[in-house]
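The values are calculated or read from the model by the stated rules, or taken from the named source; none is laboratory data. From a predicted model like this one, the values you see are computed outputs, not experimental measurements. Cβ sites come from the backbone with ideal geometry, for glycine too, and all protein chains shown count toward neighbours. The accessibility values were calculated without ligands, DNA or RNA, using every heavy atom of the protein model including side chains. Shrake-Rupley method; radii C 1.70, N 1.55, O 1.52, S 1.80 Å.
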Amino acid sequence: MQPSHSKTIFFVGLILAASGVVSPAVALAGGIAFGFTVEHPFRLESHSLAKLLLQASVVALGFGMNLKQVVHAGRSGFFYTAISISAAMLLGLLFGSLLKVAGKASFLISAGTAICGGSAIAAISPITGADEQEISVSMGTIFLLNSVALIIFPVIGHALHLSQNQFGLWSALAIHDTSSVVGAAAKYGNQALVVGTTVKLARALWIVPVSLLAAAYMARSAGSRSRARVRVPWFIFLFCVAAAASTYLPRFAAQYGALNHLGKAGLTATLFLIGTSLSKDTLRQVGVRPFLQGVTLWIIVAGASLAAIYCNCISI
């Protein structure tokens, strides 16, 4: 296919996703179909745009939420988040060692599964000194599993008759990236979206302490006192500001509704962009061992959290 044709298809797909004409699941499926059948004309630009658009969309979604609900969900989910992150990191590193996953990819896959997918990998990889191949393998593994989760989680939730709160909590604990959590929760219901987004964003804040620990470990192992830069996910705080405005300045409700609608449209466009990043080359690049590590860890995290939620051992 000629480059001009692939560019046209890409822009048409992106416009359709952003317009709200198609659902988040359809946008993701369309992006994956594009990635597997067409040579991506804007691969690097698409990745950067997806990251920026995701953050802006999450902030915009905050205008449709009540700060009191946000604080309650974040506080209730803190303990579950701390336990699940610690367990996922330890299990991930164990599986990586058993499967002999080379280099620092094992640590990045574990961090991506434990915290918040690609955002965690992007924040931690410079600290660990991971090379481009290790980052690509880790990102590819996480993106593949994100795509699967976005499609199958709502199906499982409906089959088990999970409540809105149960599904939102499960999505936040078991799906890697914030975009996929929001996409799956939005498809399930508004309350699931509130719980899922809030707990996931609270989870994303763990990037900071995990990054600090990784920096301290790398500095110690290298015998260096140099300090690595830790990236703080500032968009999470802007999300809370947006929720506070929505709660305590109700006279701008019409404007908040418009911004919230833009956030949902931006999220759908983000999912299309994420889908286009998957390709046959991605599958080949990931390899069997890192993929097995990611799948095994994900199944255990998703299964254990679902069982705990379904049996009412944990709740929001």
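Overview of results
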quantity	calculated
Residue pairs meeting the criteria (Cβ under 9 Å; at least 6 apart or on separate chains; first farther than 15 Å from residue 61 by Cβ, in the range 195-207; second in a loop (DSSP other than H, G, I, E, B) and open to solvent by 10 Å² or more (accessible area, probe 1.4 Å))	205/232; 205/233; 207/230; 207/231; 207/232; 207/233
Residues of the range 30-48 that turn out to be modelled with pLDDT of 80 or more and either outside any loop (DSSP other than H, G, I, E, B) or touching a strand residue (DSSP E or B) at 6+ places or on another chain (Cβ under 8 Å) (or both), as a count	13
Complete set of residues in the range 271-316 that are surrounded by 15 or more Cβ atoms within 10 Å (Cβ to Cβ) and of a type in the set (Lys, Arg)	289
Pairs with Cβ under 7 Å, 6+ apart, first in the range 254-265 and among the small types (Gly, Ala, Ser), second part of a helix (DSSP H, G or I) and surrounded by 13 or more Cβ atoms within 10 Å (Cβ to Cβ)	263/57; 263/60; 263/61; 265/18
The listed residue being open to solvent by less than 70 Å² (accessible area, probe 1.4 Å), modelled with pLDDT of 85 or more and of a type in the set (Gly, Ala, Ser), out of 118, 62, 112, 77	112
Unmet requirement for residue 218, which otherwise passes all of (1) at pLDDT below 85; (2) open to solvent by less than 40 Å² (accessible area, probe 1.4 Å); (3) over 26 Å from residue 26 (Cα atoms)	(2)
Selection count where residues are closer than 20 Å to residue 311 by Cα and either β-branched (Val, Ile, Thr) or open to solvent by 10 Å² or more (accessible area, probe 1.4 Å) (or both), scope the range 169-182	1
Any chance residue 55 is closer than 20 Å to residue 14 by Cα and modelled with pLDDT under 85	yes
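Conditions tested, residue by residue: (1) in contact with a strand residue (DSSP E or B) (Cβ under 7 Å, 6 or more places away or on another chain); (2) surrounded by fewer than 24 Cβ atoms within 10 Å (Cβ to Cβ); (3) touching a residue at least 40 places away in the same chain (Cβ under 8 Å).
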| residue | (1), (2), (3) |
| --- | --- |
| 145 | no, no, yes |
| 151 | no, yes, yes |
| 157 | no, no, no |
| 160 | no, yes, yes |
| 184 | no, no, no |
